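Below is one structure, written out as structure tokens; the observations come after it.
The values are calculated or read from the model by the stated rules, or taken from the named source; none is laboratory data. What you see is a predicted model; the values in this text were computed from it and never measured. Cβ placement follows ideal geometry from the backbone for every residue including glycine, while neighbour counts extend to all protein chains displayed.
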Amino acid sequence: MAKQHRKKSKNIIKHIHVLQPNSAGIDVGANEIYVAVPDDRSSKPVRRFDTFTDDLHGAAKWLKECGIESIAMESTGVYWIPIFQILDTYGFDVILVNARHVKNVPGRKTDVQDCQWLQYLHSVGLLCGSFRPDQDICSVRSLLRHRDNMVKAASSHIQHIQKALTQMNLQIHNVISNITGVTGLAIIDAILAGERNPDILADLRNPRIKADRQTIIKSLTGDYRSEHIFTLKQTLQSYRNYHLMIQDCDAEIEKHLKEFDSRIDLDDCPKPPEKNLKRKPKGNAPNFDLKTHMHRLLGTDLTRIDGISDLTAHVFFTEVGPDLSKFNSANHFCSWLGLCPNNKISGGKILSSHTRPGSNRVAQALRISANSLWNCKSYLGDYFRRMRARHGAPKAITATAHKLARIIYYLVKNQRAFDETIFSEQEKNHQIQLKKRVISQAKSLGLQLVPA
């Protein structure tokens, strides 16, 4: 009787805790997947399928036969993408789960137990899906990530060009600021064409180059070896080939952006005065009007925010999209970015409050934007310098990126234009607090401040 009573109680508890009875779990691998359904849905609740397209369709049909409605699986590399897309076409509610949230007991790590553990956690409501934008946004996101990879590959070839020049003791890349600029490419092309006279090569100098002609002549006197010339030639070809592919990728990105519906009519929006930004245009910027597209698609011009460039707004659009309804508040959005403290408290003491480690592309872009505010003469620039003096550079970058994220969330969600005057009240309060602190410090030292 005791055994029966314990078994009955266990079944009752399990039944009470099940919140999603029609759930399944999938352990994703490169060559095979393991799918687990509730024990009462099939005589064999765990099945193995190959990752071929026909087998994935077979898995989806079997899940339909078992009455499954929602499926949980880990976002393992890129192996989950074809599985997700096929299951989505069958009408399943598929959620991607962070691997940190589904750790099992140590010593019980098998593919079968992993999928069963996913199915159990999902059935009792202990899993939440990771954020994933709409499919049309994901299409542009894939193109932008591919473009970033090509930009990084092209930059590596610049290093190879500099290495070949150094091996020949040609110091031209240390004399001019950009070896892939007008002057640098003209000199390299002439070297590859057979020219070795430093005087003739120095005549290719652009008038805007700050280095004098005599210095350039000295930097072009070296040991021209055939093997290094050959390496330089192939490296330059690869560099230019990548830039041609980047231009093709820009055309494809612009084609996809034109297919999106506008959130606002740009003709009805008053054009704000252009900022006088004294900074060089980036050589890797797209060769189309990205700023106008982002303004049209996001409903606000994010480039009006200090530190936010066209590419940063583009990263935000491709990684998040214009719809922020899945984030209940700015706090949820900043938590998803990993820009807020990740408190670890035990025994009433804060053991750690560092931000959560991660590789969120939007957070990385915002950190770069925050670091660019060092010389900015605005409220955000003052805020960054104040945080840097108080907490150091790393924490100041994170804090400023957090503030930028909150501003972007408010502007995009409410489709408001950026108004820098709203910070005047905060700056006024800061000056009042600073004045009180200085007066208090003076009194503690027995001094009296006299207004100028």
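Looking at L96, L126 in this structure, which one is at pLDDT 90 or above and either out of contact with any helix residue (DSSP H, G or I) (no Cβ under 6 Å at 6 or more places or on another chain) or not assigned by TED's automatic domain parsing to the domain that holds L324 (or both)?
Only one candidate qualifies: L96.
Residue check: is V102 in contact with a Phe, Trp or Tyr (Cβ under 7 Å, 6 or more places away or on another chain), without any contact (Cβ under 8 Å) to a residue 40 or more places away in the chain and over 30 Å from Q247 (Cβ atoms)?
It is true that V102 is in contact with a Phe, Trp or Tyr (Cβ under 7 Å, 6 or more places away or on another chain), without any contact (Cβ under 8 Å) to a residue 40 or more places away in the chain and over 30 Å from Q247 (Cβ atoms).
Quick check on my filter: what residues within the range 57-92 are of a type in the set (A, V, I, L, M), in contact (Cβ under 8 Å) with a residue 24 or more places away in the chain and either in contact with a strand residue (DSSP E or B) (Cβ under 9 Å, 6 or more places away or on another chain) or not in a helix (DSSP H, G or I) (or both)?
A59, L63, I68, I71, A72, M73, I83, L87
Being crowded, with 19+ Cβ neighbours inside 10 Å and of a type in the set (K, R), is that true of even one residue in the range 304-325?
Scanning the range 304-325 turns up no residue that is crowded, with 19+ Cβ neighbours inside 10 Å and of a type in the set (K, R).
Assuming K163 fulfils every condition listed in (1) touching a Ser or Thr at 6+ places or on another chain (Cβ under 6 Å); (2) over 30 Å from R41 (Cβ atoms); (3) not aromatic (F, W, Y) apart from one, which condition is it?
(1)
Results for (1) of a type in the set (A, V, I, L, M, F, W, C); (2) out of contact with any Phe, Trp or Tyr (no Cβ under 7 Å at 6 or more places or on another chain); (3) farther than 30 Å from I217 by Cβ, shown as yes or no for each residue.
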{"residue": "L118", "(1), (2), (3)": "yes, yes, yes"}
{"residue": "P133", "(1), (2), (3)": "no, yes, yes"}
{"residue": "S142", "(1), (2), (3)": "no, yes, yes"}
{"residue": "R147", "(1), (2), (3)": "no, yes, yes"}
{"residue": "S155", "(1), (2), (3)": "no, yes, no"}
{"residue": "L165", "(1), (2), (3)": "yes, yes, no"}
{"residue": "N169", "(1), (2), (3)": "no, yes, no"}
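Looking at (1) under 32 Å from the mean Cα position of the chain (by Cα); (2) part of a helix (DSSP H, G or I); (3) not acidic (D, E), can you tell me which one Q113 breaks?
(1)
Kindly establish whether Y409 is surrounded by 15 or more Cβ atoms within 10 Å (Cβ to Cβ), without any contact (Cβ under 8 Å) to a residue 60 or more places away in the chain, in a helix (DSSP H, G or I) and hydroxyl-bearing (S, T, Y).
Numbers: surrounded by 15 or more Cβ atoms within 10 Å (Cβ to Cβ): yes; without any contact (Cβ under 8 Å) to a residue 60 or more places away in the chain: no; in a helix (DSSP H, G or I): yes; hydroxyl-bearing (S, T, Y): yes.
It is false that Y409 is surrounded by 15 or more Cβ atoms within 10 Å (Cβ to Cβ), without any contact (Cβ under 8 Å) to a residue 60 or more places away in the chain, in a helix (DSSP H, G or I) and hydroxyl-bearing (S, T, Y).
If G184 passes every condition in (1) small (G, A, S); (2) in contact (Cβ under 8 Å) with a residue 24 or more places away in the chain; (3) outside the structural domain of I33 (by TED's automatic domain parsing) but one, which one does it miss?
Among (1) small (G, A, S); (2) in contact (Cβ under 8 Å) with a residue 24 or more places away in the chain; (3) outside the structural domain of I33 (by TED's automatic domain parsing), G184 violates only (2).
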